[in-house]
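Take a look at the structure set out below.
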Amino acid sequence: KGAQLKTAVHNIISDNTNMLSYGSGDRHTWWGFYVTDRNEANNEVIDRYSNDRRYYGSRGSSVSGMNIEHSFPKSWWGGSTGPNAYRDLYNLMPCEQKINSSKSNYPMGKVTQTNPTTNGCTKIGTGPQGYKFWEPADKWKGDFARGYMYMATAYQNLTWSGTQALQC
């Protein structure tokens, strides 16, 4: 239990990883999104950050107006592309470009005062103590919370840095 359980889960995850390459193309991130973040009924992109409607073309092709978003910010481990954390599909999601830039590397938290870039799905602003946060729509909060827990467990061996990481 506790730290021992977390380390045991970390060891299972780190021994059984199979990563896609980052970006678009065969066996790359967008190729994976086509399976993990697509509504099969209408080929629509599942975007947890925006209510915009966008659609996939061929498998592996990027979608216009969207980025690959690290929901657990890559700057928290120094932004290096080397660790598997950078390419881990569990932490990557298709995201509308404007809200991706606006949410920056803020931690997820309760937003009590929004700024003008809030898009009706993702809130960006400050929390009760004045820290900057982003807050997902209610229907996606569980997905993001599980993702944060996964990243903190799977990559507990990374050196986490920056004030944003310390605020979480």
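The values are calculated or read from the model by the stated rules, or taken from the named source; none is laboratory data. Quick caveat, the model's predicted, so the values are computed rather than measured. Heads up, the Cβs are rebuilt from the backbone with ideal geometry, glycines too, and the neighbour counts pull from every protein chain shown. Surface areas here come from the heavy atoms of the whole protein model, side chains and all, with no ligands, DNA or RNA. Shrake-Rupley method; radii C 1.70, N 1.55, O 1.52, S 1.80 Å.
Which of the residues that make up segment 48-106 are open to solvent by less than 50 Å² (accessible area, probe 1.4 Å) and basic (Lys, Arg)?
Within segment 48-106, Arg48, Lys103 qualify.
From the list Glu69, Glu44, Glu96, which one is modelled with pLDDT of 95 or more, within 22 Å of Cys121 (Cβ to Cβ), acidic (Asp, Glu) and in contact with a helix residue (DSSP H, G or I) (Cβ under 8 Å, 6 or more places away or on another chain)?
Unique residue meeting the criteria: Glu69.
Go over the candidates Ser62, Ser71, Ser58, Ser80 one by one and state the one that is in contact with a Gly (Cβ under 6 Å, 6 or more places away or on another chain) and of a type in the set (Gly, Ala, Ser). Let's see the steps before the verdict.
Details: Ser62 fails: in contact with a Gly (Cβ under 6 Å, 6 or more places away or on another chain); Ser58 fails: in contact with a Gly (Cβ under 6 Å, 6 or more places away or on another chain); Ser80 fails: in contact with a Gly (Cβ under 6 Å, 6 or more places away or on another chain).
Of the residues listed, the single one that is in contact with a Gly (Cβ under 6 Å, 6 or more places away or on another chain) and of a type in the set (Gly, Ala, Ser) is Ser71.
I want to confirm something. Restricting to segment 126-154 and keeping residues that are over 30 Å from Pro83 (Cα atoms) and small (Gly, Ala, Ser), which single residue is most open to solvent (accessible area, probe 1.4 Å)?
Residue satisfying both the conditions and the ranking: Gly130.
Quick one: Gln113 ticks every box in (1) open to solvent by 50 Å² or more (accessible area, probe 1.4 Å); (2) within 27 Å of Val9 (Cα to Cα) except a single one, so which number is it?
Result: Gln113 fails condition (2) only.
Residue by residue through segment 123-144, note down the ones that are farther than 10 Å from Gly109 by Cα and small (Gly, Ala, Ser).
Gly130, Ala137, Gly142
Please find, among Gln97, Gln129, the residue that is in contact with a strand residue (DSSP E or B) (Cβ under 6 Å, 6 or more places away or on another chain) and farther than 23 Å from Gly2 by Cα.
Numbers: Gln129 fails: in contact with a strand residue (DSSP E or B) (Cβ under 6 Å, 6 or more places away or on another chain).
Going through Gln97, Gln129 in turn, just one is in contact with a strand residue (DSSP E or B) (Cβ under 6 Å, 6 or more places away or on another chain) and farther than 23 Å from Gly2 by Cα: Gln97.
Could you say whether any residue in segment 25-36 is assigned to a loop (DSSP other than H, G, I, E, B) and within 22 Å of Pro136 (Cβ to Cβ)?
The answer is no; no qualifying residue exists.
List, please: which pairs have Cβ atoms under 7 Å, are six or more places apart or on different chains, and start with a residue in segment 155-167 that is closer than 13 Å to Ser80 by Cβ and end with one that is among the hydrophobic types (A, V, I, L, M, F, W, C) and at pLDDT below 80?
Note: no pairs meet the criteria.
So which helices (runs of 4 or more DSSP H) stay within segment 51-168 end to end and still have 1 or more residues that are under 21 Å from Gly32 (Cβ atoms)?
Values: elements: 97-103, 141-154, 163-167.
Helices (runs of 4 or more DSSP H) meeting the threshold: 97-103, 141-154.
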